[in-house]
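The values are calculated or read from the model by the stated rules, or taken from the named source; none is laboratory data. Computed from a prediction, not measured in an experiment: that's the story for all the values here. Neighbour counts run over all protein chains shown; Cβ positions are idealised from the backbone, glycine included. These accessible areas exclude ligands, DNA and RNA; they are computed on the full protein's heavy atoms, side chains included. Shrake-Rupley method; radii C 1.70, N 1.55, O 1.52, S 1.80 Å.
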Amino acid sequence: MRKILIVLTSLLLTACVDDSASYYADGSTGNHALTLHRAQKHFWSSDSSVELIMQRLPDCLRRLELTEMPADDVEIELLSNGDNVWTLRAGKEQWQVETQTCTQYPDVKGSEGELIGVFRVEDKKLVFEAAVLEPAK
């Protein structure tokens, strides 16, 4: 009986999603990053909670809950507003954060900014895909 429970428990956990993807604002040093984390709270749920972890070390390290989304349909755009201000957009939902003082604005202020890339699910894994910038004319 115990072996059956162990096998069943491992099968239940295989349906769970818990991964993350990062955008490094400072290149390869990793001191300034925005990381999107998605996690399925229950194996029977198709939704996942989506959180943002923003860091600009040593001054800023904070985790913010953003939303609930279908686990296989996470797609959030990352836009830069300059001066360490970032906008995240998923459909009609938007969040704006600032990594200088590690805060989230209650409302999105100003223009949306320049598209940096998109966090999305590819091959059942969350990835960050950088935007392809067009050369200046």
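Mind listing just one residue for me: the one in the stretch 102-132 that is assigned to a strand (DSSP E or B) and β-branched (Val, Ile, Thr) and, of those, surrounded by the most Cβ atoms within 10 Å (Cβ to Cβ)?
Filtering the stretch 102-132 down to residues assigned to a strand (DSSP E or B) leaves 103-105, 114-122, 125-130.
With β-branched (Val, Ile, Thr) added as a condition, the list becomes 103, 116, 118, 121, 127.
Numbers: 103: 15, 116: 18, 118: 18, 121: 20, 127: 16.
By that ranking, first place goes to 121.
Please indicate, with yes or no, whether at least one residue in the stretch 7-19 is closer than 29 Å to residue 124 by Cβ, modelled with pLDDT of 90 or more and open to solvent by less than 80 Å² (accessible area, probe 1.4 Å). Scanning the stretch 7-19, I find at least one residue that is closer than 29 Å to residue 124 by Cβ, modelled with pLDDT of 90 or more and open to solvent by less than 80 Å² (accessible area, probe 1.4 Å), so the answer is yes. Of all the residues in the stretch 100-120, those that are at pLDDT 90 or above and either within 16 Å of residue 65 (Cα to Cα) or among the basic types (Lys, Arg) (or both) number 7.
Residues of the stretch 84-111 that are aromatic (Phe, Trp, Tyr) and over 15 Å from the mean Cα position of the chain (by Cα): 105 alone.
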